[in-house]
Amino acid sequence: MKLFISKTLFVGIIAFAFLVAFKLILPENKNYNSAFVNKLDILISHTQERKIVLIGGSSVGHGISAEQIQNATHLTTINLGHHAGFGLVDFRDLVLSTINKDDIIVFAPEWEFYANPIYFDTATLEDLYNNSHYLELTKNPNYKSFKSLILKKTGIINSLIPNHSPCRYDCYNNNGDIISTCGAKPLSITDYSVCFDYFNYELFSNTFPFINRPNTLIVFPPTQKRVYSRCRKQFDFIETQLFKTKLLILDSASANVYDESCFFDAEYHLSCENRILRTNKIIPKLIELMKISN
Amino acid sequence: MIFNSIEFILFLPIVFLLYWLVFNKKLSHQNGLLLIASYFFYGWWSWMFLGLLFISTAMDYAYGYGVASTNRKKARLFLWLSALNNFGVLGVFKYFNFFATELQHGFLLLGIKTNPILLQVALPIGISFYTFHGMSYVFDIYNGKQRPIKNFIDYALFVSFFPLLVAGPIERAHHLLPQLQKRRFFNYQQAVEGCRLILWGLFKKVVIADALAVTVDSIFSNYLDLNGFTLIIGAIAFSFQIYGDFSGYSDIAIGTAKLLGFELLSNFKFPYFSRDIAEFWRRWHISLSSWFRDYLYIPMGGSKKGKLISIRNTFVVFLISGFWHGANWNFIAWGFIHACGFLTLLLLNKNRKHVNTVVAQFAKTPSLIELFQIISTFAFVSFAWIFFRAKSLTMALDYIRHIGISIWQEPGQFFTLPGGKLTIIYILPLILIDWYLRFDERKLRLPKTEFLRIAIYIILSLFIAFQILTYFYSKPSSFIYFQF
C-alpha cells in the first residue's frame, strides 16, 4: 500500500512539476484566434463609455475600419469582427452586457448568419476555449491568470498551422481592425457558395434582438461579384424580407458587391484600400444616427 | 461528476484512501463507504434523481424476493413486474416524447390534428445502465444463477457502484455480487493495473476523442458544403472518436474498480481489428451485446429454432439495441444495418468463425486476407456510424448522398479544415498502440525497465493534465454514452 501510494505520488509530482515548467517556460502564443481575447478585453474596458461597436465575422474585422469611424465621429469604436466560425450567439450576451442605451451597434453578419443565426464552426473554437465555455471563462475573475496557460496550449496547436496566415495576433490596431493585410500582396481568393435557401426573419430577430434597437445599423456583407450573381435570388429574398421591417439598414446587398480583385484572400476579406471606401459609406449614416440619439 | 473532471480527480484519491486506510476493517464498512461515495458521485450531477435511483433499486430488490418464490407462476409474475417497472421508467424518461411525437405524425397522416403532451424533463444520466443492472439481478434469480440478497446495502451498491453507474460496463448480478459480498484486500498488482487503465482511458478520452470531436463536429455541422472525400474522413474520424470516448470511459471504470479491489466485465476488445461483423459485436460494448444475447436473444429461442426464428431474433435484438441508444429513427436504422450485416454471416453459418482467436495471433502484422477483412469490417461499421452520429435519419441519408455526388471534388479540402491534419496524428498512434496491446485488453503491456514505464506515465499524465486544466474554469466535455 505504502509503495503504491509513494510511487503514484512520485509520478504525480513529476508530472505536476513539468506542467508548472511548461507554464513558466513556454511563450504565450499570439495568433488570429487568440486575438479575440484582446478584443473582448478592449470592449470590457470601455463598458462605461459611450461607444460604437462593430459586430460580425471576419468581414467586419477586414472590411470596416473602427479607427476611421472613431476619427470621424470622435466616439470610441471597437471592431469585434472575428472569424465567423466562432459564431455570434455565444458572445452576444457578453457584448450586450457592455452596451449602453446610447451606444451604437453596427451589425454586419455574413450570409451564413442569415441562413442560420446560430451558425458556428466548432473546429475553429477549439483553438480558442472550446465553444462557449470561453465565455464562462471571461466571466470568471480568475480567468486572466489562467488565460496564459491556454494561450500556450493554442500555441502548440497553432505551431501545426501554416505561418502564412494573414492575420496574426499583432496585426490588430487598438480598435480591433485587422491591419496586417495592409500593404501586403493579396493571396489567392477562394470561391465559395452562400446560396442558402433558408431565411427566417423571426428566428434571425429573436437570435439577435439588438437589431430592433433604434441605434443599431445593419450592413450587408461584402460579396464577391461571381458569388452575388450565383446567389442573387437568395440574397434578394433576404433583402426583401429585411426591407419589410423597420430595421435601420445602410444600403443594399448589391451596394456591397465588389470585384474579386478587391479582396485580400478569403471569401469576405476586403483589402485595406477597399475597407476605407466601404467605411466612408458607413460614416455619414453613423453621424446621422448620433445626432438623432443625442 | 464525470471521470475527466477535476472533481473526480480529487474524489477518487479521497475515496481510495478512506476505503483502504479507514473503512477496511469490515466488509459492511467497505460497502457502506462505497455506497455513500456512489450516491455522492451521482448526486453531484443531480441530487433530485437520486430518489429515482433509490426507488428503482428498492423495487428490483423486492422483486428479487418475489422471483425467488418456488411457485413458478408467481415467479414469472414478479419477473414481468420487474421488466415492466424498469422499461416503464425508461419509457417515461427516455421514450415518452418520441412516441408522443410519432403518434402525432401518425394522426396527421390520417388528417387528425393533435397536440401531444411532451415531458420537459432531463434524461437521468445512467438510467439505461442502472435499470439494466436491476433487470440482470432479477433475471439471474429467475434463471437460478443467483439467490436473492439479504443485505440491501450490498444490492444497492451493485446497482449504483460509481465506476459503472453512469455508462457501464453493464454488470451481471452473478459476476459482481459475489465480489461485493467478500471483504476486499489491497492488491498492489491489481491497483497498478487499475492506475494504468485509468491513465490510458483518460488519454483516449481527453486527448484523442476530444480532439477528434473538433473535426467530426465541424464536418457533420457543415456537411452540405463539404466534398465526399471529407465526409468519408468525417465518418472515419467519428469511428475513432466514439471508440476513444467509450472505450476510454470503460477503461477508467474498470481501472477505478480495480483500485478498489473489483474486477468488472470487459467492455471492449479492440473492435476495429475484427475480421467480420459478428466478431465486431463480440468486441464492441461487450457488456451490452452479451446482455441482449443472454436476456433477450437466447430466451426468444436464439438460433436453435430454425432459420426464420433466428432471423426474427437477430432483427429484434439489433433493433432494440439501436433503440436503446436513443429514441430516434437514426438509431433504429443503425441497428437495422448491423442486423443485416450480422444476418448475412448467420445465414451462411459464418458468424462464429472468429470466436476465440485474435487477428495475427502468431505474427506481428496481419496477412493480406486479414487486412482486407479488417478494412471491410471497419468500412461497414463506419458507414453505420453515420446514422449513429447524424441528428436524424434524414440527415444521415443526406450525408451519404453528398458523399456520392461530390466524392472527387477538391480531394485536398479535408486538410484545409481546422484540425484536419491533426486527425491523422491522433488516429495513427491509437491504432498502433491498440495493435501492440491486442492480446489482452485488461493488461496494458509496458516496457520492463522502470524508468521507461515512469516516463510513459508522466507523458500520459501531462497530456491529460494539460487538457483537463485547460477547461478548469469551464465544463469538461461529456462522454458520448452519457446521453444514453
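The table for this structure:
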read-out: Selection status of residue B:331, assigned to a helix (DSSP H, G or I) and not aliphatic (A, V, I, L, M); value: yes
read-out: Qualifying positions in the stretch B:107-129 - in a helix (DSSP H, G or I) and surrounded by 12 or more Cβ atoms within 10 Å (Cβ to Cβ); value: B:107, B:127, B:128, B:129
read-out: Filter result (at pLDDT below 75 and surrounded by 20 or more Cβ atoms within 10 Å (Cβ to Cβ)) within the stretch A:14-41; value: A:29, A:31, A:32, A:33, A:34, A:35, A:36, A:37
read-out: Residue within the stretch B:186-201 that is surrounded by fewer than 24 Cβ atoms within 10 Å (Cβ to Cβ) and more than 23 Å from residue B:267 (Cα to Cα) present; value: yes
read-out: Test: residue in the stretch B:31-47 that is surrounded by 21 or more Cβ atoms within 10 Å (Cβ to Cβ), over 28 Å from residue B:7 (Cβ atoms) and at pLDDT 90 or above; value: no
read-out: Tabulated pairs, the stretch B:174-193, first away from chain A (no Cβ under 14 Å), second part of a loop (DSSP other than H, G, I, E, B) and among the charged types (D, E, K, R), C-beta under 6 angstrom, 6+ apart or interchain; value: B:174/B:145
read-out: Condition met for residue B:153 (under 18 Å from residue B:51 (Cβ atoms), surrounded by fewer than 18 Cβ atoms within 10 Å (Cβ to Cβ) and not hydroxyl-bearing (Ser, Thr, Tyr)); value: yes
read-out: Some residue of the stretch B:236-257 being over 22 Å from residue B:402 (Cα atoms) and within 12 Å of chain A (Cβ to nearest Cβ); value: no
read-out: Filter result (under 22 Å from residue A:279 (Cα atoms), out of contact with any Ser or Thr (no Cβ under 9 Å at 6 or more places or on another chain) and in a helix (DSSP H, G or I)) within the stretch A:222-247; value: A:225, A:242
read-out: The stretch A:259-294 - residue that is of a type in the set (Ser, Thr, Tyr) and under 21 Å from the mean Cα position of the chain (by Cα) and, of those, surrounded by the most Cβ atoms within 10 Å (Cβ to Cβ); value: A:268
read-out: Hits in the stretch B:446-477 - residues which are among the β-branched types (Val, Ile, Thr) and modelled with pLDDT of 80 or more; value: B:449, B:454, B:456, B:458, B:459, B:464
read-out: Residue in the stretch A:245-256 that is touching a residue at least 40 places away in the same chain (Cβ under 8 Å) and out of contact with any strand residue (DSSP E or B) (no Cβ under 6 Å at 6 or more places or on another chain) present; value: yes
read-out: Members of the stretch B:345-370 that are farther than 25 Å from residue B:436 by Cα and not in a helix (DSSP H, G or I); value: B:348, B:349, B:350, B:351
read-out: Number of the exception - residue B:211 against (1) touching a residue at least 12 places away in the same chain (Cβ under 8 Å); (2) within 16 Å of residue B:251 (Cα to Cα); value: (2)
read-out: Neighbours by Cβ (under 7 Å, 6+ apart or cross-chain): first from the stretch B:49-74, assigned by TED's automatic domain parsing to the domain that holds residue B:140; second outside any helix (DSSP H, G or I) and modelled with pLDDT under 85; value: B:49/B:124; B:52/B:124
read-out: Test for residue B:116: is it touching a Leu at 6+ places or on another chain (Cβ under 7 Å), more than 25 Å from residue B:267 (Cα to Cα) and either assigned by TED's automatic domain parsing to the domain that holds residue B:18 or not aromatic (Phe, Trp, Tyr) (or both); value: yes
read-out: Among the candidates A:78, A:44, A:69, residue that is away from every other protein chain (no Cβ under 14 Å), within 23 Å of residue A:211 (Cβ to Cβ), part of a helix (DSSP H, G or I) and at pLDDT 90 or above; value: A:69
read-out: Selection within the stretch A:194-221 - buried (at least 16 other Cβ atoms within 10 Å of the Cβ) and not in a helix (DSSP H, G or I); value: A:194, A:196, A:199, A:208, A:213, A:215, A:216, A:217, A:218, A:219, A:220, A:221
read-out: Options B:203, B:186: the member that is part of a loop (DSSP other than H, G, I, E, B), within 23 Å of residue B:16 (Cβ to Cβ) and of a type in the set (A, V, I, L, M, F, W, C); value: B:186
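Okay, residues lined up against (1) at pLDDT below 90; (2) over 22 Å from the mean Cα position of the chain (by Cα):
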{"residue": "B:352", "(1), (2)": "yes, yes"}
{"residue": "B:372", "(1), (2)": "no, yes"}
{"residue": "B:380", "(1), (2)": "no, no"}
{"residue": "B:404", "(1), (2)": "yes, yes"}
{"residue": "B:409", "(1), (2)": "yes, yes"}
{"residue": "B:412", "(1), (2)": "yes, yes"}
{"residue": "B:417", "(1), (2)": "yes, yes"}
{"residue": "B:439", "(1), (2)": "yes, no"}
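The values are calculated or read from the model by the stated rules, or taken from the named source; none is laboratory data. Everything quoted here is computed from the prediction, not taken from an experiment. Ideal geometry is used to build each Cβ from the backbone, glycine not excepted, and the neighbour counts take in all protein chains shown.
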